[in-house]
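Colleague: One structure coming up, written as structure tokens, with questions to follow.
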Amino acid sequence: MRLPEPATDLTLDEIELGNPDTFLRDDVDGIFALLRRERPVGFDAENTPPGLPPGPGFWSFVRHRDLFGISRDHETLTSVPAVGIFDYPVRTSIINMDPPTHTRYRLIVNRGFTPRMIGRLEESIGAQARRIVEAIAPRGEADLVTDIAAKLPGRVIASMLGVPEADQEMIQRHTNAFIAPSDPEYAGTVEDMVAASDAIEDYAKYLGRMRREHPTDDVTSAIVNAEVPGEDGAPATISMDDFAEFVKLLLVGGNETTRNAITHGVRLFDEFPDQKARFLADPEGLATTTVDEILRYSTPVNLMRRTATRDVEVAGAPIRRGDKVVMWYRSGNFDDEVFDDPYRFDVTRRPNEHLTFGAGGPHYCLGANLARVEIGVMLATLYERLADLEVTGPPVRMRAVSSHAVKHLPVRWTPR
Ligand code: HEM
């Protein structure tokens, strides 16, 4: 039996996609279902956070089919100056560049993220996951987000970059503040966000200077000592500023999104116990499809934005040069034009053309393979060791337009 489409009691005029409070509601899926049906392309107001000049608003695209074209046409729809709705006064490296500069820089880090490299990391990811779970197993209860889900991605990216364990908590505090300038628990103001951004960059420069003098085999050493062809084509070492932006993007990208995917995985297993049982009956065989279904259903990154470089019509919308164009991945991932019975959480779903890592194009997530391994390994380890793990309270959502993030999720199990 097909699961019904979720509902909302809002009318089209009442929907505010630019307002972080919208994403604290229980009916976000219902809102997007209504939009796909009745307003697949629309123009939304920006609820610009205090501390930024008011923004002009943005086009919203919510259908799966419209997002591919937007994502691939970087000449018309650029990633400069920003890929979030608001123009915060911070830079974030390759995600804000267009080809050909983007391609030159992306090639530098690609080496650290090939499937072969991730395959090599898999064993150490398993060992880290076991360590995290062993440490809390005797307690019988935890905050899944802070005690478990946040720890693995934080440690994995830190060890890839050579960040010592003692500094990881500080880094995580700053990456939280960086992604959540609208959430009072993490930052609360644009100034806090900028301060966090500066702190991460300062830390990255400190790491970079060390690795320039004493290179190791970590990704930091590879980036800081890489030669990039300069604008004139002659090879040049990457500047310390560019390097710091790079590391900041990896720390932010590597920490928050994967933590949310792991958390949503546990929440979804709790909500759909038949699917949890199915996965646990064959965790190796179903790892790939389960992880991708969690990624589709949870969509940790709600959106990416582009900016029009010329007047253009997209899916009938008269977009003008300079307009902001937002791709709502969280909506596209439930589009019934592409997904059969989209609200069914199905750990065997195949094909699964979700947009969680982007809709193709040059910026497709560099860490997709790494994230998939981390999510699969963490969930398998968690249920192997804490078989009766259950969620005991509602998720505390983060107040943010761009992330589908959970700050806290109480869980319990029989202490071991
Ligand atoms: C579940 C986890 C993750 C999700 C949902 C996610 C999502 C995304 C999305 C939506 C984009 C932009 C795609 C586009 O604009 O076309 C992106 C880009 C990126 N991600 Fe991820 N990501 C995840 C994990 C990671 C990890 C673990 C890393 C690295 C350690 C990472 C590093 C990056 C980088 C560097 C980019 C920019 C790529 C570029 O501009 O060329 N991500 N990610």
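Yes/no matrix, rows are residues, columns are (1) more than 16 Å from LEU249 (Cβ to Cβ); (2) over 21 Å from the mean Cα position of the chain (by Cα); (3) touching a residue at least 40 places away in the same chain (Cβ under 8 Å):
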residue	(1), (2), (3)
THR78	yes, no, yes
VAL83	no, no, yes
PHE86	yes, no, yes
VAL90	no, no, yes
MET97	no, no, no
ILE118	yes, no, yes
SER124	yes, yes, no
ILE136	yes, yes, no
GLY140	yes, yes, yes
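Colleague: Which of the residues spanning the stretch 391-416 are under 25 Å from the mean Cα position of the chain (by Cα) and assigned to a strand (DSSP E or B)?
Modeller: Hits for the stretch 391-416 are VAL391, VAL396, ARG397, SER403, VAL406, LYS407, HIS408, PRO410, VAL411.
Colleague: Could you check PHE178 against (1) within 16 Å of the ligand (Cβ to nearest atom); (2) of a type outside the set (D, E, K, R); (3) in contact with an Asp or Glu (Cβ under 7 Å, 6 or more places away or on another chain) and say which number it fails?
Modeller: With respect to (1) within 16 Å of the ligand (Cβ to nearest atom); (2) of a type outside the set (D, E, K, R); (3) in contact with an Asp or Glu (Cβ under 7 Å, 6 or more places away or on another chain), PHE178 is out only on (3).
Colleague: Can you name the number of the only condition in (1) in contact (Cβ under 8 Å) with a residue 12 or more places away in the chain; (2) closer than 16 Å to VAL401 by Cα that ALA7 fails?
Modeller: It is condition (2) that ALA7 fails.
Colleague: For the stretch 359-379, name all the residues that are outside any helix (DSSP H, G or I) and within 7 Å of the ligand (Cβ to nearest atom).
Modeller: Within the stretch 359-379, ALA359, GLY361, PRO362, HIS363, TYR364, CYS365, LEU366, GLY367 qualify.
Colleague: Out of (1) over 22 Å from PRO81 (Cα atoms); (2) within 13 Å of the ligand (Cβ to nearest atom); (3) touching a strand residue (DSSP E or B) at 6+ places or on another chain (Cβ under 9 Å), the odd one out for ARG305 is which?
Modeller: (1)
Colleague: Given the residues GLY253, GLY188, GLY162, GLY154, which is the only one that is crowded, with 24+ Cβ neighbours inside 10 Å and either modelled with pLDDT of 95 or more or touching a helix residue (DSSP H, G or I) at 6+ places or on another chain (Cβ under 9 Å) (or both)?
Modeller: GLY154
Okay, residues lined up against (1) hydroxyl-bearing (Ser, Thr, Tyr); (2) in contact with a His (Cβ under 9 Å, 6 or more places away or on another chain):
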site: VAL347; (1), (2): no, no
site: PRO351; (1), (2): no, no
site: THR356; (1), (2): yes, no
site: ALA359; (1), (2): no, yes
site: LEU366; (1), (2): no, no
site: GLY376; (1), (2): no, no
site: THR381; (1), (2): yes, no
site: ASP388; (1), (2): no, no
site: THR392; (1), (2): yes, no
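Colleague: Additional query: Counting just the residues of the stretch 330-380 that are of a type in the set (Phe, Trp, Tyr) and open to solvent by less than 10 Å² (accessible area, probe 1.4 Å), which one comes out farthest from LEU268 (Cα to Cα)?
Modeller: PHE339
Colleague: Here is a further query. Among the listed residues ILE70, ILE125, ILE118, identify the single one that is within 12 Å of the ligand (Cβ to nearest atom), at pLDDT below 95 and open to solvent by less than 10 Å² (accessible area, probe 1.4 Å).
Modeller: Of ILE70, ILE125, ILE118, the one residue that is within 12 Å of the ligand (Cβ to nearest atom), at pLDDT below 95 and open to solvent by less than 10 Å² (accessible area, probe 1.4 Å) is ILE118.
Colleague: Shifting gears a bit: I'm trying to understand the selection: among the residues of the stretch 381-416, which are of a type in the set (Gly, Ala, Ser), surrounded by fewer than 22 Cβ atoms within 10 Å (Cβ to Cβ) and in contact with a helix residue (DSSP H, G or I) (Cβ under 7 Å, 6 or more places away or on another chain)?
Modeller: Within the stretch 381-416, ALA400 is the sole residue that qualifies.
The values are calculated or read from the model by the stated rules, or taken from the named source; none is laboratory data. Computed from a predicted model, the values in this text were never measured in an experiment. FYI the Cβ positions are ideal-geometry reconstructions off the backbone, even for glycines, and counts take in every protein chain you see. Quick note on the areas: whole protein, heavy atoms, side chains included, nothing else; ligands and nucleic acids left out. Shrake-Rupley method; radii C 1.70, N 1.55, O 1.52, S 1.80 Å.
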